[in-house]
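Enquirer: First the structure, then my questions, so here it is.
What follows draws every value from the coordinates through simple rules; no lab data is involved. What you see is a predicted model; the values in this text were computed from it and never measured. Ideal geometry is used to build each Cβ from the backbone, glycine not excepted, and the neighbour counts take in all protein chains shown.
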Amino acid sequence: MACNGSGCQSGGCYKDEDATSNQPINSGETDSRASNNVCIKCKLNDAVSGYGGIDDGRFCADCFKNNLFGKFRFAVTSNAMITPTDKVLVAFSGGPSSRVALQFVHDMQERAQRSFDASRDRSLPVFGVGVVFIDESAVVPIPSNEMEEAVEVISEVVSSLAPPRKELHIVPIETIYSTDSGDGKERIIKVVNTVSDPTGREDMLLCLRMLALQKVASELGYNRIILGSCISRIACHVISATVKGQGYSLPADIQYVDSRWEVPVVLPLRDCFAQEINMLCCLDGLKTLKLSTGSCSSINGLVSSFVALLQEENPSRESTIVRTAGKLTPFQFNRIPEITDGNVPLATRRRQKRYNLKSNDSVTSESFCPLCNSPLNKSEIVDWSNLNSHRSSDIFYITCCSSCQFQILPSDSASMEQFYMDLPQLVVGRAKQANNGNLSILREQIQDCLLSDEDEA
């Protein structure tokens, strides 16, 4: 539909279509110009089409690339995702989204390097970039030869990028266990195989993957983790999380910034569609890969198929889903702390202050699920001191969120005990810390009802 607003910036606004479609075509134009629309931005070149996105047939190739990069850059600058003193880690799976995220981060770094070389005082440093690939072959049925080829392709992609150099980290997922244990691969296989539900197994693998990313970033000195999650993937997560009863924690997962982790996670492609990303890979010849992971019969897979059907009917469906979920109140950790570093340009600090999440527009959460790290509602906080059993596995079970209890954790006590023993120390330590925090919160809530030492005497 067309709108009458002169300042409209909606991706679904087609106010310029009539004006461009009625322009006369010169007699010297080719047959392709007669059959295709003209780019609504430059008014010169043929618009690219066929990718099925919301802007399909509106921009030429160059304007399309600039438009997509503009979305990325606006998300980065408005939320202070990358500053000159940062060292960012790009999570690279080889898929189109992570490939475009890597390319755009490289483009920004390359521009920053040119500005640094051209400046006289060279006061602004150039942010560092690393790339990490998590090898999940220990728990996912991927043929060994296919994984070897994937590592070669990823190494080739990273090494082909122009300077500044980006360090590549190939990290087996079992490294989340202490190197002293020596049985990390065996234990992680036991943990994953204990989860019988297909959806729970996928969610458990997601938890383990994030632990691996956090461990790599923390040990190697990175202060940001960049994920390639786009609006299409976020739309699927909105529906699947709602189905799995994760409505309270949903706002935490769909924002630009997630600082609940030790190393904040950012989503600079949050406003980009998967169709646009695939088209950019095709136009620029960006090499991607897809590993064989077998058939998917989980809730996540069914939701992805459902959203894909909705998107075929109406290209704005995914955007509508994410915008609707975006009306939920985010958490205070969905923001980068205010920048006080003098090395960061004043314009960047002002922009962050303008767009950053305000404290009165968010909710606080002091308790998190020790397994998936989702924020817990106060009603989910259980006083385990009154539990009949004081086994660590039972305490761990009741302190997890309801979704993890239903989808991931074993129901019988024997399996739960073994599952708990095989968990990484990172998770167990987080559970103990959460238990201490929960007791403090409960004590504050019932402080007025407690007897003091003088009253007891």
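Enquirer: Ratio of alpha-carbon Rg to the 2.2 N^0.38 Å globular estimate for region 53-136, to two decimals, please.
Expert: Working: Rg = 14.9 Å, N = 84, 2.2 N^0.38 = 11.8 Å.
Dividing the Cα radius of gyration by 2.2 N^0.38 Å gives 1.26.
Enquirer: P(r) tail for region 215-306, what percent of Cα pairs lie past 18 Å? The partial results should precede the final answer.
Expert: Details: 2532 of 4186 pairs.
Here the long-distance tail beyond 18 Å is 60 percent of all Cα pairs in region 215-306.
Enquirer: So for each of 201-214, 279-292, 111-124, 222-235 I average, over its residues, the number of other beta carbons within 10 Å; can you give me the resulting order with the highest mean first? Kindly include the intermediate steps, with their values, before the conclusion.
Expert: Working: 201-214: 20.2, 279-292: 15.1, 111-124: 11.3, 222-235: 23.1.
Ranked from most to least packed, the peptides come out as 222-235, 201-214, 279-292, 111-124.
Enquirer: Continuing with the same structure: What number comes out for the charge environment of GLN246, summing +1 per Lys or Arg and -1 per Asp or Glu over other residues with Cβ under 12 Å away?
Expert: On the way: positive: LYS244; negative: ASP203, ASP253, GLU380.
Local charge sum for GLN246: -2.
Enquirer: Sum up the charges of everything whose Cβ sits under 11 Å from the Cβ of PRO264, counting Lys and Arg as +1 and Asp and Glu as -1, but leave PRO264 out.
Expert: Working: positive: ARG224, ARG260, ARG335; negative: ASP86, ASP258, GLU262.
Here the charged neighbours net out to 0.
Enquirer: What does the charge count near ALA217 come to, summing +1 for each Lys or Arg and -1 for each Asp or Glu among other residues with Cβ under 15 Å from its Cβ? Provide the component values of the computation, followed by the final result.
Expert: Working: positive: LYS87, LYS166, ARG209, LYS215, ARG224, ARG260; negative: ASP86, GLU167, GLU219, ASP258, GLU262.
Here the count lands on +1.
Enquirer: Hey, can you rank 244-252, 66-74 by average C-beta count inside 10 Å, highest first?
Expert: Values: 244-252: 19.6, 66-74: 17.1.
Per-residue Cβ counts within 10 Å, averaged per peptide and sorted highest first, yield 244-252, 66-74.
Enquirer: Quick one: Cα centre-to-centre distance for region 51-85 and region 261-318, in angstrom?
Expert: The distance from the Cα centre of region 51-85 to that of region 261-318 comes to 16 Å.
Enquirer: Between LEU44 and LEU302, what FRET efficiency follows from the Cβ-Cβ distance if R0 is 41 Å, with the result rounded to 0.05? Could you put the intermediate results ahead of the total?
Expert: Values: r = 44 Å, r/R0 = 1.08.
That gives a FRET efficiency of 0.40.
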